[in-house]
Each structure stands twice: as C-alpha cells, then as structure tokens.
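Notes follow once the structure below has been shown.
The values are calculated or read from the model by the stated rules, or taken from the named source; none is laboratory data. What you see is a predicted model, and the numbers here were worked out from it, not measured in a lab. Note: ideal-geometry Cβ built from the backbone for every residue, glycine included; neighbour counts use all protein chains shown.
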Amino acid sequence: MSESGRRGPNNSGSRDGGGQNNRGARGESKRNAQGRERNRGPQRGFTNNAPSQRTRRADPARLVAFEVLRAVASEDAYANLVLPARIREHRLDRRDAGFATELSYGALRGQGTYDAILARCVDRPLEQLDPAILDALRIGAHQLLSMRVPAHAALDQTVGLARAVIGAGPSALINAVLRKVTAHSMGEWLEILLDDESDETKIAALRHAHPEWIVRALRQSLVNHGRPKTEIDALLEADNAAPVVNLVALPGLGDLDEAFDHGATAGELVEDSALSAGGDLGRFESVRRGTTRVQDVGSQLVARALAGVELGESPAQGERWLDLCAGPGGKAALLAALAYRDGATLLANEPAPHRAKLVQQALSAVPSEAWTVRTGDGREVGAEQPETFDRVLVDVPCSGLGALRRRPESRWRRSPKDIGDLGPLQRDLLKSALDAVKPGGVVAYVTCSPHPAETTAVVTDVLAKREDLELLDAGQALDDVSLTGSLGAGHELTAQLWPHVHQTDAMFMAIIRKKP
C-alpha cells in the first residue's frame with residue numbers, strides 16, 4: 001500500500017507556449033483543459049485537492065478499518081473478531097494488515113479524544129452527523145494526529161474512501177473538517193482542549209482517551225490492590241499500547257518451534273509461552289492443531305496457579321477439576337492439558353450452546369479422556385454436584401476493564417451500571433463453585449477486571465456468610481508458577497496483575513480453600 005496518496009498533476013489552467021488559455025492577469029481564463037470552470041481568483045490555480053484530481057477509490061487497508069468501525073458501531077461487534085475476517089476478505093498482505101490493525105484499533109481507542117477534537121471542527125453536534133461520516137472522520141483524525149502518515153496522504157486517501165463508500169457530498173464535508181484538524185498537532189489540540197481545566201480526572205480522561213468513570217474506577221482499583229494512585233497515567237498509557245500477541249504451548253502436547261523460527265521470543269513470566277512477532281499465526285501447524293494457542297500471559301498464570309496449589313494427598317483415581325465458566329475455551333484448554341499431564345480430568349461448563357461448541361473445539365487438541373463439556377447454568381452445578389471437585393476455576397463474566405488494550409471499543413460501551421448489574425451473577429457463581437468443591441479443595445475466583453466491586457468486594461461478601469472457607473495466598477501461588485518467582489502481584493492474600501507492571505491483562509485472582 002502506498003502512503004504517498006497519489007494525485008493527478010497540478011492543473012494550473014494555462015498551457016505552456018501561450019494560446020487561448022494563457023491570458024494576462026486581468027483576463028486569465030478560469031477554465032481548465034477540459035473546459036470546466038472553477039471559481040478561483042486570477043492569482044490562484046487549481047490545487048492538488050480539486051475534486052477532479054482526488055482519489056476516487058477506497059484504499060483496501062483503510063476500507064478494512066472503516067468496515068471494522070462500522071461493524072462495531074452498527075452491529076455491536078467486537079473489533080478483535082471482525083478485523084481478522086475483513087483482512088482475509090480483502091486479502092491484505094502483512095504490511096497492509098498491520099496498517100489496518102493499527103488504524104482500526106487506534107481509531108477505536110482514541111475515540112473520545114478524537115471526538116472532542118472533531119467537535120471543534122464541525123459546525124454541528126457530532127450526534128447529528130451520519131454515523132458513517134463520523135467513523136470516516138475518526139479514521140482520518142487518527143492518521144493525522146497519531147500515525148506517521150503524511151498529511152496529504154491521510155487527507156487524500158480518507159476522502160477517497162468516503163467518495164467510494166459514502167458519497168461525493170459527504171466526502172466534501174470530511175475533507176473540510178480534516179483540513180481543520182491538520183491545523184494543530186495532537187499536543188497542541190490537547191493544550192487547546194485542556195486550557196483552564198484543573199480536574200485531574202477530566203485531564204487524564206481526555207489525554208488518555210478513557211471515559212471519566214473508568215479513570216476514577218482504575219485509580220480506586222490501584223489503591224484497593226495496594227498500589228499508589230500516582231500510577232494511573234502509566235496504567236492508562238498501557239491500556240493504549242498495542243498489545244503483544246502471547247502464545248502458549250499446551251504442556252506435553254504443543255511446541256513453540258515454528259513461532260521461534262518466525263521471530264517469536266520466549267516468554268519471561270511463565271513456561272511454555274512466547275511473545276509473537278506477529279503475522280498470520282494460522283500458518284503454524286501447531287496453531288492449526290490447537291496445541292499452541294493465543295492466550296494472554298495473565299490467563300496462563302492464573303490457570304497454572306490453580307493447578308499448582310498443594311492439596312495434600314490426591315484421590316486414588318485422580319483429581320476432578322471444574323471450569324465453571326469455560327467459554328470460549330482458552331483457559332479450559334490449558335487446564336485440560338495440565339489435568340491430562342497430572343492424571344486428572346476436567347469438566348468444562350458453559351451455559352450458551354454456541355460458546356459450548358467453541359469450548360469443545362478448544363479442548364479437541366487434548367486427549368478426550370481428560371475432559372468433558374457440560375452445557376448448562378453454572379449456578380446450578382454446586383447443587384447438582386455438591387462437594388465433587390478438587391479444583392474449581394470460576395472465571396466470572398465481568399466488565400472487562402482489565403482487557404481494554406485488547407478490546408479497544410469496550411471502554412466506550414461499558415457504564416457504571418454494568419458493574420452493578422454483574423455483581424449478583426458473580427456472587428452466585430462463586431457460591432456455586434464453593435458448593436461444588438470438596439472439603440480440602442480449592443476454588444480460584446478470577447476476573448479480567450481490577451474493579452473492587454468485581455474483585456475483593458465479591459470475595460469478602462461471600463466469605464463473610466460462611467465459616468468453612470479460608471483465603472490462601474494467591475500472590476504466592478502466582479509466584480510459584482512464574483519464571484521470575486517474584487511477580488509482586490499479591491496484596492492481602494489476593495492477587496492483581498497489571499498491564500503497566502506485568503505486561504498482562506489486569507487479571508484478579510483469589511484462591512479459596514474449603515476447610516477439611
């Protein structure tokens with residue numbers, strides 16, 4: 001893909017060597033070689049941005065980004081699911097796929113800040129714009145303010161995209177607005193927007209493109225898990241950094257040789273992991289078999305920590321493990337491989353039938369004698385199979401505030417109401433897991449969110465109502481399975497991983513033991 005934003009030649013409206021079109025300053029013709037007249041003063045010629053000279057096609061990489069933003073806005077889709085399909089559909093090469101990825105994720109991540117800038121450049125409220133026009137403007141703004149794309153290329157290609165997929169009329173508006181955006185750099189725009197602003201939350205929200213309520217929630221989360229609130233800027237910056245792709249080789253089943261041959265580096269936090277150099281991972285044979293998988297290091301750590309907790313004597317016929325909320329199957333696959341290695345079996349439960357199929361696909365790489373899949377409500381397992389399992393993972397549905405770097409659109413979809421709505425379900429699932437575990441067994445309560453209402457509050461509330469439970473040191477459990485041996489994630493027996501500290505998703509973990 002060319003970033004030069006090619007345009008036609010600059011038509012000045014005159015011919016070399018004189019003739020009818022080459023008149024003096026007073027009588028100069030306003031018609032070009034095709035006879036079209038432009039309303040230009042005699043001192044100005046036709047510019048490179050005249051409609052007759054602009055790009056009229058949609059650059060494939062930018063078209064992919066536009067389609068991703070449209071799917072996210074109009075279909076409530078997830079960018080990480082839509083983007084790979086669009087890249088394949090448009091047959092982008094590696095370079096263009098990387099450009100489309102950065103453009104899609106960057107425009108989604110920075111939406112709040114870009115909208116604030118665009119609001120200064122549009123003569124009407126943004127909500128009155130056609131949503132497709134607004135998405136095109138966000139794509140243009142991200143190129144102009146946050147990517148190393150020449151301004152002329154960003155303008156020309158974005159207008160060309162608009163002409164091709166939205167229409168000639170809207171493309172003129174987009175051109176005019178983006179020209180106003182180019183008047184300042186991102187730093188200058190932030191100075192303009194933050195002029196006379198003294199509220200630290202509002203400043204951080206605009207500077208780092210997060211809703212204000214999330215800034216407040218994450219600052220509170222830092223303090224709740226034993227870290228200084230002054231880390232908030234580093235945490236927000238980490239949310240905006242493009243995440244490295246993490247790989248895991250299922251123990252005893254997969255390997256990372258192909259990944260290393262293609263530039264991956266060994267993971268520094270957990271065994272059998274790697275940091276991918278990117279590209280199409282589906283070309284790896286082990287990935288196609290499912291024995292090597294894409295999985296965040298935080299998820300790898302919590303699964304291994306649960307499997308590694310010492311329980312004392314194992315039952316004669318092997319332990320029974322339960323993944324209560326298994327979909328879509330990433331942690332379940334790793335747990336099943338660990339169970340197979342240790343002579344245990346795993347029951348993977350998922351309430352949604354379509355997600356249960358995903359779990360089954362994920363587990364298919366592990367010998368079938370090590371696992372089964374149950375489709376049903378996890379809240380019922382404790383009553384149906386009381387005191388049956390030695391180890392239980394309950395990775396509850398949550399707000400996902402810990403994975404904002406991987407799901408850039410989530411920050412603009414979520415609201416404080418979501419936190420409150422999820423609380424009863426999270427407590428019910430934890431209670432079911434505790435009913436299902438044997439005396440002497442352990443339950444790992446896990447969320448991909450650091451929010452206190454989803455983490456420590458849930459654990460504290462459930463434990464306060466029972467006397468047969470005790471917290472184990474989750475920070476030590478993570479250290480025991482990490483390569484460093486000292487992650488520093490523990491705080492008051494629970495553990496919290498952080499993107500700005502551990503380069504993982506912000507996974508929370510509490511390990512609860514049912515007293516013998």
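Numbers at a glance
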read-out	value
Residue check, ALA176 assigned by TED's automatic domain parsing to the domain that holds TYR105 and free of Cβ contacts under 8 Å to residues at least 40 places away in the same chain	yes
Subset of segment 459-470 that is of a type outside the set (D, E, K, R) and touching a strand residue (DSSP E or B) at 6+ places or on another chain (Cβ under 7 Å) - its residue that is nearest to ASP505 (Cα to Cα)	VAL459
Residues (more than 23 Å from the chain's Cα centre (by Cα) and surrounded by 19 or more Cβ atoms within 10 Å (Cβ to Cβ)) located in segment 315-332	GLU319, ARG320, TRP321, LEU322, ASP323, LEU324
Residue in segment 234-246 that is within 18 Å of the chain's Cα centre (by Cα), of a type in the set (S, T, N, Q) and either at pLDDT below 95 or not in a loop (DSSP other than H, G, I, E, B) (or both) present	yes
Residue identified as in contact with a helix residue (DSSP H, G or I) (Cβ under 6 Å, 6 or more places away or on another chain), within 17 Å of SER171 (Cα to Cα) and polar (S, T, N, Q) among GLN111, GLN143	GLN143
Long-range neighbours under 7 Å by Cβ, at least six apart or interchain, first residue over 15 Å from LEU134 (Cβ atoms) and of a type outside the set (Lys, Arg) within segment 55-78, second surrounded by fewer than 17 Cβ atoms within 10 Å (Cβ to Cβ) and at pLDDT 95 or above	PRO60/HIS90; LEU63/HIS90; VAL64/HIS90
Candidates LEU247, LEU269, LEU281, filtered to the one that is free of Cβ contacts under 8 Å to residues at least 60 places away in the same chain and in contact with a Ser or Thr (Cβ under 7 Å, 6 or more places away or on another chain)	LEU247
Residue within segment 333-354 that is under 24 Å from VAL309 (Cα atoms), hydrophobic (A, V, I, L, M, F, W, C), within 22 Å of the chain's Cα centre (by Cα) and surrounded by 24 or more Cβ atoms within 10 Å (Cβ to Cβ) present	yes
Some residue of segment 485-500 being of a type in the set (Phe, Trp, Tyr), in a loop (DSSP other than H, G, I, E, B) and either in contact (Cβ under 8 Å) with a residue 12 or more places away in the chain or surrounded by fewer than 24 Cβ atoms within 10 Å (Cβ to Cβ) (or both)	yes
Flag for GLY312 being farther than 28 Å from THR494 by Cα and surrounded by fewer than 15 Cβ atoms within 10 Å (Cβ to Cβ)	no
Only one of GLY106, GLY98 that is surrounded by fewer than 18 Cβ atoms within 10 Å (Cβ to Cβ), in contact (Cβ under 8 Å) with a residue 12 or more places away in the chain and either touching a Pro at 6+ places or on another chain (Cβ under 9 Å) or among the small types (Gly, Ala, Ser) (or both)	GLY98
Tally of residues being out of contact with any Lys or Arg (no Cβ under 9 Å at 6 or more places or on another chain), over 21 Å from ASP377 (Cβ atoms) and among the β-branched types (Val, Ile, Thr) across segment 421-473	4
For ARG407: the one exception among (1) free of Cβ contacts under 8 Å to residues at least 60 places away in the same chain; (2) surrounded by fewer than 24 Cβ atoms within 10 Å (Cβ to Cβ); (3) among the charged types (D, E, K, R)	(1)
Flag for LYS180 being closer than 19 Å to GLN143 by Cα, in a helix (DSSP H, G or I), basic (Lys, Arg) and at pLDDT 95 or above	yes
In segment 189-208, residue nearest to ALA119 (Cα to Cα) [restricted to those that are among the acidic types (Asp, Glu) and either assigned by TED's automatic domain parsing to the domain that holds ALA119 or not in a helix (DSSP H, G or I) (or both)]	ASP195
Matching option when the condition is aliphatic (A, V, I, L, M) and either assigned to a helix (DSSP H, G or I) or under 28 Å from the mean Cα position of the chain (by Cα) (or both), among LEU471, LEU429	LEU429
